[in-house]
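The values are calculated or read from the model by the stated rules, or taken from the named source; none is laboratory data. Keep in mind the model is a prediction, meaning the values are calculated, not measured. Cβ: placed from backbone, ideal geometry, glycine included. Neighbour counts: every protein chain shown. Each accessible area value is taken on the protein alone, full model and side chains, heavy atoms only, with ligands, DNA and RNA left out. Shrake-Rupley method; radii C 1.70, N 1.55, O 1.52, S 1.80 Å.
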Amino acid sequence: MKDSEPSEQQAPRSGVQALRPYIESVLLVTDAPVTVEQLARVLDDDAATIATVLTEMSAEFTQQGSGFDLRETAEGWRLYTRPEYADVVEAFILDGNHTRLSRAALETLAVVAYRQPVTRSQVSAVRGVNVDGVMRTLQLRGLIKEVDVDASTGAHLYATTEMLLEQLGIESLDQLPDLAPLLPDVESIEEEY
C-alpha cells in the first residue's frame, strides 16, 4: 500500500463529523488551551470548519448536561469541569493526597526542593522532560507553591511548602541530604535556554 493511501483503520479527516473525534482526542491530552489555528494546522483543514466543530461540540455538551464544558478563552479552546460539580472534583483531588507520589513527581519535587526558587523551565531542563502536569499536581497537593516572578523572564518561581516539611517530618530543608552539588547550577541551566 502506498503511503498516500489511507489505511483501513484511519478515518477520513474531512467534514464536520469526521473531524470531531480528532479534535476531542487533542483536547483530552492537552494541558493548555488549543487555538483554532493549531487544530487547523494539525488536521490540515480550514479554521472556519474547525471553529464550527468546536462551537457545535460546546453546545452539545451543554445541551446533554455533560460534566465537562468546552469553552473558548483568549488563549484558545479547552475542556473544563462544570462549576456545579466542583465539590466532587475537589473531594477526588483531595482524596488523592493520600496516594503515593509517582517517580516523576518525586524527582520534580526534589529538584524544586534543592534549587528553589526555580521556574518550570529550569525544572524541565534538569529532568529532561516537560514537567507542567507534574508541577500542577504538586501544587494541587500543596507540596509546592508560586512564590515570585522572575524579573528577567516573567516566569513564575516555585518553592516547597510547609506541608512538605510536615510530610517529611523535618523542620527545615537544611535537614535534607546534601544532594545539591550533584545537580546543575540554575545559572548553567538558564544559559542553555
Pairs of Cα atoms farther than 18 Å apart, the range 16-84, %: 30
Accessible-area composition of the range 16-84, carbon plus sulfur, in percent [1.4 Å probe]: 54
Relative packing of peptides 51-63, 20-32, 126-138, 110-122 - highest average C-beta neighbours within 10 Å first: 110-122, 126-138, 51-63, 20-32
Label-zone membership for the range 16-37, site Asp46, 7 angstrom Cα→C-beta point, backbone N under 18 Å: 16-20, 36-37
Rounded percent of accessible protein surface that carbon and sulfur make up, the range 103-175, 1.4 Å probe: 49
